[in-house]
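Notes follow the structure.
Taken together, the values in this text are just the output of simple stated rules run on the coordinates, not laboratory data. Keep in mind it's a predicted model, so treat the numbers as computed, not measured. Cβ atoms come from the backbone with ideal geometry, glycine included; neighbour counts cover every protein chain shown.
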Amino acid sequence: MQPQSLVPGDTRLSTGWEHSLELRRQDQLGELQTLKPYRDALPLASLAPLWGGVIDCDYGYNIEVGENFFANYNFLVLDIAKVKIGANAQIAPNVSIYTAGHPIHPDSRNSGYEYGIGITIGDNVWIGGNACIMPGVTIGNNVVIGAGSVVTKDIPDNMIAAGNPCRIIREITEEDRDYYYKDRKFDVTDY
Ligand SMILES: CC(C)(COP(=O)(O)OP(=O)(O)OC[C@H]1O[C@@H](n2cnc3c(N)ncnc32)[C@H](O)[C@@H]1OP(=O)(O)O)[C@@H](O)C(=O)NCCC(=O)NCCS
């Protein structure tokens, strides 16, 4: 598939996005072809449960996502380098993924050179609202990133990590199965 147009501020789709969209389309959208047409075609409220809103990125084709990907409103990806996201990702509103950066020293920064370092996010990761992922970071499988985190370092598998800078809070254990929020127990068994 050819990459989509590179108009700044436009919503662009890569193979991954289209794949994800295809899944949603199969589930819920019938024959609609791409994100933009269905955004244009449907009233905003009816879109909310399907796809949060605008996905902004530099290139789109540098982004790869796995099965069952979901991003809520305002997902921003500076994908000057590769961004790989595993299966079952849940991305809350206003999450930003930055592979790009500028040199620290003003002389080198003003030269115009900038860099992009790839970001990898594992399977089954939930990234809380307003989190920001820095260049080069790897987030492991089954990780929860708390809302508002600035993730500056790698986070290993099976951790809850939060804060600025983002630090591990604790490991996710089998005990977590029984609770949906803090000490609130599930009263269902069908998951
Ligand atoms: C991380 C989160 C899932 C809570 O996990 P938890 O295991 O229940 O953590 P707790 O609430 O028991 O908090 C444990 C500690 O981490 C801190 N903490 C929790 N979330 C935090 C966050 N987002 N940023 C900074 N610190 C956080 C708590 O203050 C607490 O600190 P303390 O031990 O000093 O008191 C939750 O706080 C969160 O960020 N959820 C994201 C919600 C969201 O983005 N929703 C959008 C829709 S998807």
Quickly rank 113-123, 132-142 as a protection proxy: mean count of other C-beta atoms within 10 Å, highest first. 132-142, 113-123
Listing 183, 58, 157 by rising number of other beta-carbon atoms within 10 angstrom, fewest first, gives 183, 157, 58
Largest to smallest principal axis extent of the C-alpha atoms in the stretch 53-155, angstrom: 43, 25, 19
Could you check how many percent of all C-alpha pairs in the stretch 89-145 are farther apart than 16 Å? 52 percent
